[in-house]
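No lab work stands behind these numbers, since they all come straight from the coordinates. Quick caveat: nothing in here was measured; it's all calculated off a predicted structure. All Cβ positions, even for glycine, are placed from backbone atoms using ideal geometry, and neighbour counts span all protein chains on display.
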């Protein structure tokens, strides 16, 4: 273990971070995505301090293979874009870069400053950036080339002690972003970590702040949860904190009021991690809605009427989540298929509108079609020559 120092204004050294070596942090380099390593090394070769950060480092230390790899760098978004042709700058308030390697997307952010507070958008140093992160276990920086972990906030110690500790003061952390409450409970449940009493108390007191979160962000969070190997455990923990009612209010209410629904609902989430799960389109969403639809659908009705009413029930049940219509359609058809009822995919396109009819005449004015005489057919009619230049100023042949 090494210590990273920086100089104070009076010139005296001050301890800034602990640097853990390969033998100390235990990360298996084979679990690190090679394309993520390539991004880090290319930016470092350009002279920019760059690391893999966040949940990927946490999972690697815990011996898990991460699904996503986020990267933080001293390079600005414009500079990152110049280094990688397969990149795109996104965001308005928070400028990020997505680097594409085939179907994989790597999010590369620039170190943020604290000058404008914990939610500002000015660029800064790594020492400032780490203080803007939510919890210590997500604030570790991994250099895959040197195979070191840089720890400014005691995140490695907290991981070893299995505790969730916030970096941002409790008075601000959830007011700045209420979704952090969901993430704190999720991290604790998935990894078996403890939430200290002050953190638990603050979550229960400030949970109504989640009412202000947009449906799109809630949709993103619920999909992350139900696609997690620990989905059922996370949902139980969120329900215990009173948070699941903000993500899935209908399901939360039924788990409290309807006998047996909780067990069936959680069992459905556990099926997502069984070996036979194929991750078909809509299959994840079907796990959320299947128990509710099983009870609420009128299976004796005609197929067409049944499908339309069931689709509406499913839409209402998952609110405020708003998944794409195509995915919801696939999920409803999977629920029907489980009962041996095959719904053609074309039903998804039916909107209850009659097909548009082609007009019998092409009108040249706003008058009735019968007042416009049909133009006689002239087989010898010459084609009109195109002007040598188009309206845009380009040659007509181009």
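Seen from a random direction on average, the alpha-carbon convex hull of segment 225-306 projects onto 6.3 square nanometres.
Shown for 303, 173: other C-beta atoms within 10 Å of each C-beta, ranked fewest to most, produce the order 303, 173. Where the alpha-carbon atoms of segment 1-160 are placed on the principal axes, they occupy 43, 37, 28 Å, in descending order. Taking 0.692 mPa s as the viscosity and 37 °C as the temperature, the Stokes-Einstein diffusion coefficient of segment 283-349 based on its alpha-carbon Kirkwood radius rounds to 280 µm²/s. Counted over segment 114-271 with a bin width of 5 Å, the fraction of Cα pairs per bin, in whole percents, is 1, 8, 16, 18, 19, 16, 10, 5, 3, 1, 0, 0. By other beta-carbon atoms within 10 Å, ranking 94, 223, 135, 241 with the fewest at the front produces 94, 223, 241, 135.
Highest mean packing comes first when the peptides 84-93, 36-45 are listed by Cβ atoms within 10 Å, giving 36-45, 84-93.
Taking other C-beta atoms within 10 angstrom as a stand-in for reagent exposure, 219, 194, 50 fall in the order 194, 219, 50, fewest first.
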